[in-house]
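Structure first, then comments.
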Amino acid sequence: MEQHKQVDPAMAAVLAAIKATVKGGVGKLRERPQGKSYKEGERWPALERPTWRPDIRAAVISKARVNMHRKLRNMVELTGLFPLAVLSDCVVYPSPGESPLDFLPYAASGKPQPGGFRLGPTPGLAKLEGVQSMLWAVDLMEKGLNPARHIKGGDAVLDEGE
């Protein structure tokens, strides 16, 4: 997965375009007021667009959330591991090694067990966001912080609970 951009740059570009289109499209379904000229309580131009559909946006986010909860439950059943932290579309698990391959469930044949998280660059599969030591995660949790918000490095922006 780390090398998919080098293996097939054309497919990586197509994948990036699809991801940007979907993310941008979902965001446009509920566009908020913008600009200095907006006054509290006024209607804004996005409300007049037929594509302003916060209900569809909520359904898309809900479906993704339900899928993630299902995978979280399946991971407990398959591995006995519970996540240390969850935020939006990021889950932090304890691992005996520095790779998710060290704790993700695989069958004897070497294929990923169905129902859990699977690694890959395509939509619906998980990607590695970062690896930190357990000491790092415990330190954040003792401060009342969510490690899933910081696992990428730097500071992730607030995601409005999505």
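The values are calculated or read from the model by the stated rules, or taken from the named source; none is laboratory data. Quantities reported herein were computed from a predicted structural model and do not represent experimental measurements. Methodologically, a virtual Cβ is constructed for each residue, glycine included, from the backbone with ideal geometry; neighbour enumeration extends over all protein chains shown. Accessible surface areas use protein heavy atoms only, side chains included; no ligands, DNA or RNA. Shrake-Rupley method; radii C 1.70, N 1.55, O 1.52, S 1.80 Å.
State the percentage of accessible surface on the stretch 83-161 attributable to carbon and sulfur atoms; use a 1.4 Å probe and exclude ligands, DNA and RNA. Walk me through the numbers on the way to the answer.
Numbers: 2760 of 4970 Å².
Percent of accessible area from carbon and sulfur atoms in the stretch 83-161: 55.
Of VAL91, ALA16, PHE103, which is farthest towards the positive pole of the chain's charge dipole, taken about the Cα centre with +1 and -1 on the beta-carbons of Lys, Arg and Asp, Glu respectively?
Of the listed residues, the answer is ALA16.
Would you calculate the separation in nanometres between label points at TRP52 and LYS19, each defined as 7 Å from the Cα along the Cα-to-beta-carbon direction?
About 3.1 nm, to one decimal.
Computed FRET efficiency, Cβ-Cβ of ALA108 and LYS71, R0 25 Å: what is it to the nearest 0.05?
0.70
At a threshold of 8 angstrom on Cα-Cα distance, excluding pairs fewer than six apart, so keeping six or more, what relative contact order does the stretch 83-161 reach in percent?
The normalised contact order for the stretch 83-161 reaches 30 percent.
Once phi is turned into ³J(HN,Hα) by the Karplus curve 6.51 cos²θ - 1.76 cosθ + 1.60 with θ = phi - 60°, what whole-Hz value does each residue of the stretch 52-57 show in order, with x for glycine and proline?
7, 9, x, 5, 5, 4
Nothing charged except the Cβ atoms of Lys and Arg (+1) and of Asp and Glu (-1): what's the magnitude of the dipole of the stretch 19-141 about its Cα centre? Round to the nearest 20 debye.
For this selection, approximately 680 debye.
Which of the lysines could a cross-linker bridge to LYS152, judged by Cα under 29 Å and excluding same-chain residues fewer than eight apart?
Of all the lysines, those that pass the test against LYS152 - Cα under 29 Å, at least 8 places apart if same chain - are LYS5, LYS19, LYS23, LYS28, LYS63, LYS71, LYS111, LYS127, LYS143.
Under Stokes-Einstein, with the Kirkwood radius over Cα pairs standing in for Rh, what whole-number D in µm²/s applies to the stretch 39-162 at 4 °C and 1.567 mPa s?
So the translational diffusion coefficient is about 77 µm²/s.
Report the calculated FRET efficiency for SER37 and LEU145 (r = Cβ-Cβ distance, R0 = 41 Å), to the nearest 0.05. Display every interim value, and only then the final one.
Numbers: r = 37 Å, r/R0 = 0.91.
With a Förster radius of 41 Å, E is 0.65.
Quick one: compute the contact order of the stretch 33-147, relative version, from alpha carbon pairs under 8 angstrom and 6+ residues apart, as a percent.
17
Mind checking the per residue accessible area of the stretch 1-159 for me, 1.4 Å probe, whole number of Å²?
Heavy-atom accessible area per residue stands at 71 Å².
For the stretch 24-81, with only Lys/Arg (+1) and Asp/Glu (-1) charged at the beta-carbon, what is the dipole magnitude about the Cα centre, in debye rounded to 20?
Values: 14 positive and 6 negative charges, 19 e Å.
In debye, rounded to 20, the stretch 24-81 gives about 100.
What spacing in nm lies between the two simple spin-label points modelled at SER62 and SER99, each 7 Å away from Cα in the Cβ direction?
Label at SER62, label at SER99, 4.0 nm between them.
Taking amide H positions as placed in the peptide plane 1.01 Å from N, state which residues far from ALA126 in sequence (5 or more) or on other chains have amide H under 5 Å from it.
Amide H neighbours of ALA126: ARG118, LEU119, GLY120.
What's the ranking of 33-39, 17-23 by average number of surrounding C-beta atoms within 10 Å, highest first?
Highest mean packing first, the order is 17-23, 33-39.
Using the crude model of +1 on Lys and Arg Cβ and -1 on Asp and Glu Cβ, and no other charge, please compute the dipole size for the stretch 83-161 relative to its Cα centre, in debye to 20.
Its charge dipole is roughly 300 debye.
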